[in-house]
1. What is the extension gain from SER74 to THR257, computed as 0.36 nm multiplied by their sequence separation minus the C-alpha to C-alpha distance, in nm to one decimal?
2. For mean projected area of the Cα convex hull in nm², pick the label among [x] 20.5; [y] 23.5; [z] 18.3 that corresponds to the value derived from the coordinates.
3. With just the Cα atoms of region 116-195, tell me how far they stretch along each of the three principal axes, in Å, largest first.
4. Place the peptides 237-247, 90-100 in order of packing, highest mean first, counting for every residue the other Cβ atoms within 10 Å and averaging per peptide.
5. Among GLY344, ILE416, PRO65, whose Cα projects farthest towards the positive end of the dipole of the chain, with charges put on the beta-carbon of Lys, Arg (+1) and Asp, Glu (-1)?
6. In what sequence, highest mean first, do 223-236, 388-401 appear when ranked by Cβ atoms within 10 angstrom?
7. Using label points projected 7 Å from each Cα along Cα→Cβ, tell me how many nm separate HIS276 and ASP60, to one decimal.
8. If we count other beta carbons within 10 Å of each Cβ, what is the order of VAL132, VAL206, fewest first?
Amino acid sequence: MTSPALRWRALFVSLLCVFATSCALQKNTGALPSARLAPFAAHARASAFESERLWGPVSDNHWEPVTAADPTSSWVYQMTTDQRPDYLLFRASSDGGQRWRAPRHVCLRGVKVPFQYDPQIIVAAAGVIDIVCLDGFRPGVVFTQSHNHGASWSKAVRLDGTLPYSDKPTLVASRYGKDVFVAYNARYALYVTASHDYGRSWEAPVKATAAHYWYYSYGGTVAPDGTIWFAADGETGKNQTGAGHVELIASSDGGATWREVPFAVSREGAPCIVRHCYPDFYTAQDAVAADRRGGLVFVFARNARKQGPNSLYASRSSDDGATWSDAMLINGLGNSTSPALVAGPVSGDFRLVWQDNRNGPNAWNTWYARSSDGGRTWSDPLRLSNRGSGAPYKHAGGYDFPFGDYLGLSVDSNGIDHVIWGEGSAVYVPGGTWWTNGPSSSGSPRGGIGAF
């Protein structure tokens, strides 16, 4: 996501409800009347991860990273934003993240690029890598593809048609990669562009929302029945400082038409006082995932009072999204942000990561939880940011600030989680991209992190 301040900075640079399960969802006024604490199940306990590692030297200011794992092999991919100049980096590993090829720039062929942000990456079952980048606000959201593990890439294709502005894309695809969908902000609307031939050609952008909100999508999935789901937050108020409308945006006809499924209303986020921060940094971010049988889990951060801290909630559906369970409180400690959610290789298996500052205002950490029963119960939270040193912004309690607006999570062919996130002291600089993976497919420790 690019902030209001960054939008002006970038332009300058370029010129030089949840209700009961048996009830259908309806709009509400922001209340979560039946929110309850999620039970934590011992049988779903998360095993050890490897100790966190930094991408590059401490002097590199890499932020807003994402990751993708090949569902049929040991190949894993990462992307991050290299600050000053602001260009995206891609790197590949053939052995599950133990060794990495040299990073390279992407999304530059065929377009004029003033700056780059907001990477998105997925891997289809055939091993093809799809990437979406924000190449400035014009050409804006672009797509590129690789068939050889990132050794070469197709020319970048603009996806927003003739729209004058696009920002913050979310990329999803069907299991085998034939149907590809990209949602993005186009000022006061969310648009979606679709391909139905593996990204070879693209349809015209379709407006997916009706309200006059500043929409950002933070996650999405394509369910086994073909329904496309995007998790979104519709921000209101001057500079997006008003209420946040937590919604799912869905299509059951291949992206031709879209419907909105409102869940909750959040208030203006907690003040962000670090250098270069913007008013909506702690907005109501959300994520959605579908398992092999079509079970859905939706997670979202939300506060109950103006400028209050966000708590993290989850809701689930077992009937293809027709009805949803009561909101379940996953975390009420500190201020929660940047949730990411994926489904594992078996039905009912969901993995969740987020950041919060339960240890103190300047003591943020990255946390992991897992459900093996479709989101009904969750493992105890596991602290992934386990190192108390290694950069000026790290200390025993955690790190100073979540470096970027989101993080990345994926699951490989062995069921191993790959997590990547940003740690820093302010927005843009200084900070770095950190990552880890685990647990092993057997569930035994791989060395480094136990339960916290």
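1. Working: separation 183, 0.36 × 183 = 65.88 nm, distance 3.68 nm.
Between SER74 and THR257, full extension yields an extra 62.2 nm.
2. [z]
3. Taking max minus min along each principal axis of the Cα atoms, region 116-195 gives 36, 23, 18 Å.
4. Highest mean packing first, the order is 237-247, 90-100.
5. The Cα lying farthest towards the positive end belongs to PRO65.
6. Listed from highest to lowest mean packing, they are 223-236, 388-401.
7. So the label points at HIS276 and ASP60 sit 1.7 nm apart.
8. Numbers: VAL132 26, VAL206 17.
Final ranking by Cβ density, sparse to dense: VAL206, VAL132.
Coordinate-derived values only; no laboratory data. Because the structure is predicted, anything quoted here is derived from the model rather than measured. Cβ coordinates were reconstructed from backbone atoms using ideal geometry, including for glycine residues, and neighbour counts include every protein chain displayed.
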